[in-house]
Structures are given as structure tokens and as C-alpha cells.
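The structure appears below as C-alpha cells.
The values are calculated or read from the model by the stated rules, or taken from the named source; none is laboratory data. Since the model is a prediction, treat every value here as computed from it, not as a measurement. Note that each Cβ is placed from the backbone with ideal geometry, even for glycine, and that neighbours are counted across all protein chains shown.
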Amino acid sequence: GGSQVKASSEEDAAIDGKNSLTVTNASLNASGVGYGIYVYKGITLDGATVTIRASSDGGEVSALFTDEDDIVIKNGSTVDALAEGRFSVAISTSNFYSGEAGGHIYISDSVVKAIVRYAETSGDGPDHYSGDQNDEIIPESEGLNIGIFAQTSEGITPATISIVRSRVTAEGDTAAIFALAMSADGKAIGTIEIEGATIQTPEGGKVIDYRNKEELSDGIVYEAGQTIGTGDAVIDSPYNEAVAKSTVIVPPEETKPEEKHGKTKPEGSKSEGTKTTKTVAVAAKGAKTVGKLAATGDTSNAAIVAAALAGTAAIAAGALASRKRS
């Protein structure tokens, strides 16, 4: 409350929280390796100014991450998150355990920038292709980079990303924003909710549905969720060309014609006659799976990663989370 904190690490997370992190009417600057901020049970940024940077240590990278709880950004907070790595997310939460909270991101009345960049020391780019254990070419990129990512599994409320009256800029070499729920029956659906704001970029952008069926060695897992993109078809891969790699979501007052002529309304002012609208696109239950993924082998990490988002749990929970629980 009212303080200014700067934290950095050359080997690990800049901030490592065993329980929760709350930043209220304060500023925080964090720069780490692997994780910028890792918190086990929830993050709340309330009237806060937060800058987070995370670079690669050879594995997964997350700038702002919490496991088994939610991320709440509200009341005029300004958040600038950047992550660079082969598998990277800027703002992310996940939950894979029944009875626990998590997997939800709530952004209201704030300004958020979430940027991720592919970074690979071997020199392979984000479009690098690789063979599996049978030397078959995997038809997907090895890297996976998402600006804002919420992910849940069985037994809990499906993943949700909620954006209310806020300006959000998100970029990722794979996707700008993704909400994903995994289940054994396909009934759980991750959703993106936008209220009091519109999608400015890409042109014609909207919330589109994702649905896929994963055939793993230990059974079948259904993935259902939403992302920002174009088109009307249900997609079955995060690498689909309809998925927006960059998006800008703005409140109505920022889209007024006078803004184009250099005239902007004072901060906090309200436009007369502006109607608050809510856009919630939900994938239909029982939606037909589009296409089929390449077969994956038990020992092929690259194939598992490339197959679908289910194989990317390491981005969110990851080795670090497992190590902390141990």
C-alpha cells in the first residue's frame, strides 16, 4: 500500500509467493528468469502500477503466474507484462486439481499489456518443424506463445478470461488470448467475456470457439475454449490462421471519432448516451470436432507439445510448480 518495490533475479523468479500476492495503490517492478512473479494462491492488483519481465532459462517462461487461484486486476491498475521464451505466457493462471480455485482472470477498469515473444537459443524460429520418434513430420510449430492464458482441467469451474471497461493489448506468436478447459466428456468450456469494451484489433475480430479431442496414452481428453480471432468456424488448433496473434480491446470512449483528430476525453469522463454492452460467446455443447490431430507417441515431447494445448501444461503449472509442491 503506497510503496514502491523493485525485485530482480538472475537465476529464478523475481518474486516467489507461497500463498497470495496483493498490490494495492503501490508500484511493483519485477524481472526474473523463468518466472517474473510466481504465486501459489492468487494475485490481486488493485490500483497498482506493475511492470513484469521474464526471460528464458531454456524452458517455460511466465511473467505473471498463479497456480490454483485467480488473477484479479482492477480499479485503475496499469500492468505491463513481457515474457520471452520458447514456451511463454505473459499473464497466466491454471488449475488441474479438483476442489481448488483458479483458472480465472478478471480485468476491470484497468490498462493491461501482455506481450510474449518466441526466444530459442538454438536458433530455431517459432515456425520450426520437427520429427517425432518415427521420423514423421509434426505439422505444427514447436513453440507456443500466448499473451493471456487461462487453463483448467477436471472438477472445477471452467477457465474464464473477463475483460470489463478496460484497455487490453495482448500479443503472442501463437495467440493473443486463450481460455481453455479440459475434461473427459467435453462439457467444460473455457470462455472469454468482454463487457463495456470492443475488439479494435484485428479488424473484424471477435470471440471464436476452439474444440479438440486428444487421444493420449492414458485416455481421451476433450479440450474446449475460446480465443480472439476472425471467421465463424470452430477451430481445432491454436495455430489456426483464424487465431489473432495480436489484439487490442478498448472501452467505447476510446473509439470515438474525435480521437482520430487528436481530441481525447479526460480520464474518467463518461460519454453521454454510451450504452454498456456485454459480449459473451460460448461454444455450443456437443460441437463437432473439426479435423484430427497427428498421432502422438508417449516418448515424443515435441509431438505432445505440437499436438494441442493439453500438452502445454508445463507452461502454466510446469516443473517449477511441481518442485515447489514437492
* **Positions within region 2-27 being at pLDDT 95 or above and basic (Lys, Arg), in sequence order** => LYS6
* Can you name the residue in region 45-58 that is of a type in the set (Ser, Thr, Tyr) and under 12 Å from VAL79 (Cβ atoms) and, of all such residues, is farthest from the chain's Cα centre (by Cα)? -> THR49
* Consider only pairs whose beta carbons are under 7 Å apart and that are at least six residues apart or on different chains; among these, list those whose first residue lies in region 151-171 and is closer than 19 Å to ASN75 by Cβ and whose second residue is among the small types (Gly, Ala, Ser) and in a strand (DSSP E or B). => ILE161/ALA150; ILE161/ALA179; VAL164/SER108; ARG165/SER108; SER166/SER108
* To do: Looking only at region 172-186, decide whether some residue is farther than 16 Å from GLU154 by Cα and surrounded by fewer than 24 Cβ atoms within 10 Å (Cβ to Cβ).
  => yes
* What's the number of the condition LYS187 fails, among (1) among the basic types (Lys, Arg); (2) at pLDDT below 95; (3) in contact with a Pro (Cβ under 6 Å, 6 or more places away or on another chain)? -> (3)
* Tally of residues being under 21 Å from GLU60 (Cα atoms) and either in contact with a helix residue (DSSP H, G or I) (Cβ under 9 Å, 6 or more places away or on another chain) or not β-branched (Val, Ile, Thr) (or both) across region 70-118 -> 25
* Asked: In the list GLY103, GLY99, which residue meets the criterion of being closer than 22 Å to GLY42 by Cα and modelled with pLDDT of 80 or more?
  -> GLY103
* **Pick from region 213-245, criterion part of a strand (DSSP E or B) and over 21 Å from GLU193 (Cα atoms), ranking: modelled with the lowest pLDDT** => LEU216
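So which residues in region 142-161 are closer than 26 Å to SER56 by Cβ and part of a strand (DSSP E or B)? Before you say what the answer is, go through the steps one by one.
Our first condition is that a residue be closer than 26 Å to SER56 by Cβ; within region 142-161, this holds for 142-153, 159, 161.
Hits for region 142-161 are LEU144, ASN145, ILE146, GLY147, ILE148, PHE149, ALA150, GLN151, THR152, ILE161.
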* To do: May I ask you to list the residues in region 17-68 that are among the acidic types (Asp, Glu) and crowded, with 19+ Cβ neighbours inside 10 Å?
  => GLU60, ASP67, GLU68
